[in-house]
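One structure below.
What follows draws every value from the coordinates through simple rules; no lab data is involved. Being a predicted model, the structure only gives us computed values, none of them experimental. Cβ placement follows ideal geometry from the backbone for every residue including glycine, while neighbour counts extend to all protein chains displayed.
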């Protein structure tokens, strides 16, 4: 593995940590600011339903009950720039617990998963907003 690849992976991990701290702080405490974290053409998929556009995503999140997310695991991978029009892009996967109205919400499927968010974002948008 080349030094450039290792550096790109390290940057993906550091960006994922910073982004998820900002993202879940916004969702839990300042939902009225979440549109700044999505591209204008951003897509949120919730229970199989797509919501497109940062303003529509923010409105959707504003309509949800108050929450508190506790991040348990985080993974980040750089996406080859050849695949995304030479834009710096990372795939971020976050999992953990979500508390709604002070109660832990448990979602039981084939495997128990409390919350799982997969984020594919063009990193430059996030870095500009921080």
Between residue 59 and residue 101, what FRET efficiency follows from the Cβ-Cβ distance if R0 is 22 Å, with the result rounded to 0.05?
0.60
Once the Cα gyration tensor of region 14-83 is found, what semi-axes does its equivalent ellipsoid get, as square roots of 5 times the eigenvalues, in whole Å, sorted largest first?
21, 17, 12
Length gain on complete extension for the stretch residue 87 to residue 18, per 0.36 nm per residue less the alpha carbon to alpha carbon distance?
22.9 nm
Sites residue 30 and residue 6 - FRET efficiency at Förster radius 30 Å, r taken between beta-carbons, to 0.05
0.30
